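Every number in this text was worked out from the coordinates using simple rules, so none of it is lab data. These figures come from a predicted structure and were not determined experimentally. For neighbour counting, all protein chains shown are included, and Cβ atoms are generated from backbone atoms with ideal geometry for every residue, glycine included.
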Amino acid sequence: MIQKIDHIAIIVKDIKKAAKNYTEMFGFKEVESMTGPGGEYTSFMMASGDIRIELLQPLKEGNGFSRFLEKKGGGLHHVSFVTGDIMKEIETLKAQGRKLLNEEPMQLPDAKIAFVHPSGTENVLIELMEKK
Amino acid sequence: MVKKIDHIAIVVKDIDKAIKSYADMFGFKLESKMEFPGGDRIAANLKLGDITLELFQPVKPGTDLDKFLQEKGGGLYHIALATDDIVKEIKNIKSKGKKMIHEEPIVIPNAKIAFVHPSAAENVSIELVERK
């Protein structure tokens with residue numbers, strides 16, 4: 001079962017400017033900065049109270065993040081839900097005939113994640129996350 | 001400071017189908033569904049644990065909401081962040097030279113709300129909410 005929102009992700013053009021902006025406007029504080037696999041993107045996770053927002057800036061052309069930035073000018077990209085059992089969530093979705101972007105969870109150092117295809121979720125990209 | 005995600009708003013084409021989808025997929029429960037006479041939308045409130053989703057189906061052609069559906073195919077519309085002191089948040093945002101859509105909070109039955117202009121927040125529509 002889905003337990004809570006882990007984070008909301010926003011695609012931005014200039015991550016330094018965006019991080020400064022959100023910090024100044026709303027009081028967000030940095031949790032972690034990193035560069036994604038293959039140098040495809042850079043991310044800035046920030047928090048205020050229980051809210052976690054991830055800023056993502058594409059670093060290369062031609063990936064999903066850079067297409068989103070070009071087409072939409074950036075903005076809300078995905079919502080990440082925490083679940084206790086990601087395999088069960090995936091099975092439920094597949095049993096309903098819904099598509100996932102990855103049918104097997106991806107292993108991250110501290111979590112397993114999978115993305116539900118927006119076609120099944122009213123055009124919302126949803127990330128499922130099971131934390132270790 | 002902003003403390004938690006009050007809700008996430010999603011624009012949908014068919015609200016009944018969307019309510020059923022989110023119930024089937026993740027177990028969201030319908031709390032309320034309403035249509036204001038003469039209004040531009042049907043709204044539904046869905047809950048799962050601490051997560052609240054607001055679904056909007058536009059009912060009038062040519063409104064901003066309807067344009068969002070037509071142009072983007074629906075999807076993530078805004079995020080609402082809860083604060084204890086909305087007037088202080090607005091003052092802080094304005095002091096940074098950032099634009100608000102509402103410079104004075106709008107009073108609704110159980111809350112005060114105000115929207116930050118997307119140009120100030122990396123193309124994200126952010127609603128500030130102070131609950132009573």
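Observations on the structure shown:
- Residue-wise HN-Hα coupling along the range B:98-114, computed from phi with Karplus coefficients 6.51, -1.76, 1.60 (Hz; x: Gly, Pro): 9, 8, 9, 6, 10, 7, 10, x, 8, 8, 10, x, 10, 6, 10, 10, 7
- Scattering curve values for the protein assembly as shown, log₁₀ I(q)/I(0), Debye with Cα scatterers, q = 0.09, 0.11, 0.13, 0.15 Å⁻¹: -0.40, -0.61, -0.88, -1.20
- Nitroxide proxy distance, nm - points 7 Å out along Cα→Cβ at A:LYS20 and B:LYS98: 1.4 nm
- Karplus-derived 3J(HN,Hα) values for the range A:65-76, using 6.51 cos²θ - 1.76 cosθ + 1.60 with θ = phi - 60°, are 5, 6, 5, 4, 5, 5, 6, 10, x, x, x, 4 Hz; glycine and proline are entered as x.
- Fraction of beta bridges assigned by DSSP in the range A:1-117 that are antiparallel (%, nearest 5): 85 percent
- Each Cα pair of the range A:1-78 feeds into the Kirkwood radius, which the Stokes-Einstein equation turns, at 37 °C and 0.692 mPa s, into a diffusion coefficient of 255 µm²/s.
- Relative packing of peptides A:121-130, B:21-30, B:77-86, A:59-68 - highest average C-beta neighbours within 10 Å first: A:121-130, B:77-86, B:21-30, A:59-68
- Backbone N under 12 Å from the B:ASP50 label point (7 Å along Cα→Cβ), restricted to the range A:82-111: A:82
- Over chain A, relative contact order from alpha-carbon pairs under 8 Å, at least 6 apart, %: 25 percent
- Gaussian network model of chain A, Cα within-10 Å springs - most flexible of A:LEU100, A:LEU76, A:LEU108: A:LEU108
- Rounded to the nearest 20 debye, the dipole size of chain B about its Cα centre is 200 debye, using +1 on the Cβ of Lys and Arg and -1 on the Cβ of Asp and Glu.
- For B:VAL2, residues with placed amide H under 5 Å, excluding near neighbours: none
- Other protein chain Cβ atoms within 10 Å, averaged over every residue that makes up A:19-30: 4
- Whole-number percent relative contact order across the range A:1-78, with pairs defined as alpha carbons under 8 Å at least 6 apart: 38 percent
- Mean separation of Cα contacts under 8 Å (6+ apart) over length of the range B:84-132, as relative contact order %: 34 percent
- For the protein assembly as shown, the 222 nm mean residue ellipticity estimated from helices alone, with every DSSP H stretch of n ≥ 4 adding -39500 (n - 2.57) and the total spread over all residues, rounds to -7000 deg cm²/dmol.
- Normalising by residue count, the range A:84-132 has a Cα convex hull of 63 Å³ per residue.
- Cα convex hull of the range B:84-132, projected area averaged across orientations, nm²: 3.1 nm²
- Listed pairs A:LYS71/B:LYS94; A:LYS13/B:LYS17; B:LYS72/B:LYS98; A:LYS4/B:LYS72; B:LYS88/B:LYS132 exceeding 23 Å between Cα atoms: A:LYS71/B:LYS94; A:LYS13/B:LYS17; B:LYS72/B:LYS98; A:LYS4/B:LYS72
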